[in-house]
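Q: Encoded as C-alpha cells, here's the structure I'll be asking about.
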Amino acid sequence: MRVGILGTGAYGCSLSKGIVENKNEVMMWTPFVEEKENIEKTRTIRSLPGFKLDESITFTNDLDEIINFSKLLIVAIPSQTVDSLFQQLGEKITDDKHICITSKGIEEKTGLFMSEILEKYTDTKNVAVISGPSFAIDLVNNNTCGLALATKNDETAKVVEKVFENDFLRLRRNEDLIGTEICGSMKNIIAIASGMLDGLKTSDSTRAMLLTDALHDMADLIVNFGGSERTILSYAGFGDLILTCNSEKSRNYCFGKLVGSGATQEEIAEYLKNNTVEGYCTLQSLYKMLRNNDFKIPMINLIHRIVIGKTDPSRLLSFLVERD
C-alpha cells in the first residue's frame, strides 16, 4: 500500500519504520525545503539519535504529490499547524483516500479537535485517530506498544490496521473519536502538572493522587462533549496518562519539572523555544474552550494560572488536598 506521512518530526519518522517493514511504500512530506534536503541526504533527525530512515522512503515538499501518491495519509504535525494543512487539503481528498490523525491538541481560535478541523474543510468520512502510550524512541526500538484506533468507518479501520499492526504494535478499535482526542490532548497538560510535582520533589504517592483525580476530570470532559466514558480506560486514556506523566522522555513532563523546580522565566522560555511542548499550546486552547462552554475543571484552571499566570507551583499541592 502507498502511505504518505505528513510531517518529518520524531513521531512521524518513528512510525515509518514499522510501516516500511510491513512492505508498504512510504513518502514523507515537509513544507520546509531545507529540512527535506537534509533528511533526504542524511536519513536522520536530531530528536532520534542513532535511527536512520529506510532508504526506500521518498520525500517531498509538494502536497499534491503526496496526496496523489497515497492511499493512506498519516497526519503527524504539531497541532497548531493542522488547520492550515487541512485547509490546503480541502477538496483534494477524494473518496479513495483514508486519513489517520496522530496529532494531538485543540485549535485555539475555534476550540475544535483535529478531526473536527478536518470536517471543516472536507466531506470525507474515511477518518481515523490513533493515540496511546508510544514514545517515538520506543517505536523505533521495536518495544511492544498498544494504541487506540478511533474511527466510525470499518474500511478505514482495516486500512490502518493493515498498515500499522505487526509483532510489536497492537491497535484496539473504538468509535469514539472525540473521547480519544480529549484523552490525547488532556494527558499532555496533566503531564506538565506531574512534572511540576517532580520539580517540587514530591513523592510517587502524590503524583498518583494527581493522576487519579485527573482521570475523573478527563472522564467528565469526555461525557460532556458527547464521548464515551469507557474511553478513559483505553490506551489513549489510562495508558497514555500513565506513560506521559511518569517519564522524562516526555517533553511535557520535563517542561513541568522545570516550572516546578523554580527555573527562571528565561530558562523556561529557552526550553519552549527549543522543544515542541504540545501541552503548553493545548493548555491555552483547552482553558479557552472550557470558558466558552461554561464547563469548569478546577485542575486545568490552576495549571493555567501556574504556567501562564506565574502562580507559585506549590499551589498544586494544597489544591490536591483541598479539592472536593
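The values are calculated or read from the model by the stated rules, or taken from the named source; none is laboratory data. All values derive from a computational prediction rather than experimental measurement. Every residue, glycine as well, gets a Cβ built from its backbone with ideal geometry; the counts of neighbours run over all protein chains shown. The area values use the complete protein model at the heavy-atom level, side chains included, leaving out ligands, DNA and RNA. Shrake-Rupley method; radii C 1.70, N 1.55, O 1.52, S 1.80 Å.
Q: Under a 5 Å amide H to amide H cut-off, with H placed in plane at 1.01 Å, what residues pair with V26 once short-range neighbours are removed?
A: V3, T58
Q: Counting only protein heavy atoms and a 1.4 Å probe, tell me what percentage of the range 104-151's accessible area is made up of carbon and sulfur.
A: 43
Q: Let me ask you something else. Using only alpha carbon pairs under 8 Å that are at least six residues apart, calculate the relative contact order of the chain and give it in whole percent.
A: The value is 16 percent.
Q: Okay, moving on. My understanding is that a pair violates if its Cα-Cα distance is over 32 Å; which of K36/K104; K41/K152; K109/K162; K71/K120; K152/K187; K152/K257 do that in this structure? Mind dumping the intermediate values first?
A: On the way: K36/K104 23 Å; K41/K152 39 Å; K109/K162 36 Å; K71/K120 21 Å; K152/K187 23 Å; K152/K257 38 Å.
Among K36/K104; K41/K152; K109/K162; K71/K120; K152/K187; K152/K257, the Cα-Cα distance tops 32 Å for K41/K152; K109/K162; K152/K257.
Q: So if I average 1/r over every pair of distinct C-alpha atoms in the chain and take the inverse, what Kirkwood radius in Å does that give?
A: 20.0
Q: Could I ask something else about it? Of the DSSP beta bridges with both residues in the chain, give the percent that are antiparallel, rounding to the nearest 5.
A: DSSP beta bridges in the chain are roughly 15 percent antiparallel.
Q: Please give the net charge around I67, taking every other residue with its beta carbon less than 15 angstrom from that of I67, where Lys and Arg add +1 and Asp and Glu add -1.
A: For residues surrounding I67, the net value is -3.
Q: Which of rounded, prolate, oblate describes the range 233-324, given a ≥ b ≥ c as roots of the alpha-carbon gyration tensor eigenvalues and a/c under 1.5 marking rounded, otherwise prolate only if a/b is larger than b/c? Walk me through the intermediate numbers first.
A: Values: a/c = 1.37, a/b = 1.13, b/c = 1.21.
Rounded, since a/c falls under 1.5.
Q: T144 versus E34, label points 7 Å from Cα toward the beta carbon: distance in nm?
A: Label at T144, label at E34, 4.4 nm between them.
Q: How far, in nm, would the chain grow between A208 and K249 when pulled straight, counting 0.36 nm per residue and subtracting the alpha carbon separation?
A: Extending this stretch completely gives an extra 12.9 nm.
Q: Let me ask something additional. Would you work out the charge dipole size for the range 150-233 about its Cα centre, treating the Cβ of every Lys and Arg as +1 and the Cβ of every Asp and Glu as -1, and quote it to the nearest 20 debye? Don't jump to the answer; show the numbers that get you there.
A: Values: 10 positive and 14 negative charges, 32 e Å.
That gives a dipole near 160 debye.
Q: If you don't mind, there's one more thing I want to ask. Percent antiparallel among DSSP beta bridges with both residues in the range 77-176, to the nearest 5?
A: Bridges in the range 77-176 are about 30 percent antiparallel.
Q: Towards the positive end of the charge dipole of the range 77-222, with charges on Cβ (+1 Lys, Arg; -1 Asp, Glu), say which of V127, L112, L139 has the farthest Cα.
A: Farthest along the dipole direction, towards plus: L139.
Q: Which cross-chain or sequence-distant (5 or more) residues have an amide H under 5 Å from the amide H of H98, H modelled 1.01 Å from N in plane?
A: Amide H to amide H, under 5 Å and 5 or more residues apart or across chains, H98 pairs with L72, L73.
Q: Quick one: compute a quarter of the convex hull surface over the Cα atoms of the range 103-160 and quote it in nm².
A: Approximately 5.1 nm², given one-decimal rounding.
Q: Mind giving me the nanometre distance, one decimal, between the label points for N153 and R172, set 7 Å out from Cα along Cα→Cβ?
A: Rounded to a tenth, the inter-label distance reads 2.5 nm.
Q: Starting from the 7 Å offset along Cα-to-Cβ, what nm value, one decimal, do you get for the label separation of Q265 and K120?
A: According to this spin-label approximation, the distance is 3.1 nm.
Q: Related question: Can you list the residues, at least 5 places off or on another chain, whose amide H is less than 5 Å from the amide H of I297, using H built in the peptide plane?
A: It is none; the list stays empty.
Q: Still on this structure, I have one more. Could you calculate the FRET efficiency of H216 with K162 from 1/(1 + (r/R0)^6), where r is the beta carbon distance between them and R0 is 41 Å, rounded to 0.05?
A: Efficiency, rounded to the nearest 0.05: 0.65.
Q: Alpha carbon centre of the range 83-144 versus the range 159-205: separation in Å?
A: When both Cα centres are located, 15 Å separates them.
Q: Using the Cα centre as the reference, give the magnitude of the dipole from point charges on the C-beta atoms of the chain (Lys, Arg: +1; Asp, Glu: -1; all else neutral), rounded to the nearest 20 debye.
A: The calculated dipole for the chain is roughly 500 debye.
Q: Another question, then. Give me the dipole magnitude in Debye, nearest 20, for the range 268-324 about the Cα centre, with unit charges on the beta carbon: positive for Lys and Arg, negative for Asp and Glu.
A: 140
Q: What percent of all Cα-Cα pairs in the range 35-106 falls into each 5 Å bin, going from 0 up to the bin containing the maximum distance?
A: Result returned by the calculation: 3, 13, 20, 23, 21, 15, 5, 1.
Q: If the chain between R315 and D96 were fully stretched, how many nm would it gain, using 0.36 nm times the residue separation less the Cα-Cα distance?
A: 73.6 nm
Q: Based on alpha-carbon centroids, what's the gap between the range 1-48 and the range 275-317 in Å, whole number please?
A: Value for the Cα centre distance between the two parts: 33 Å.
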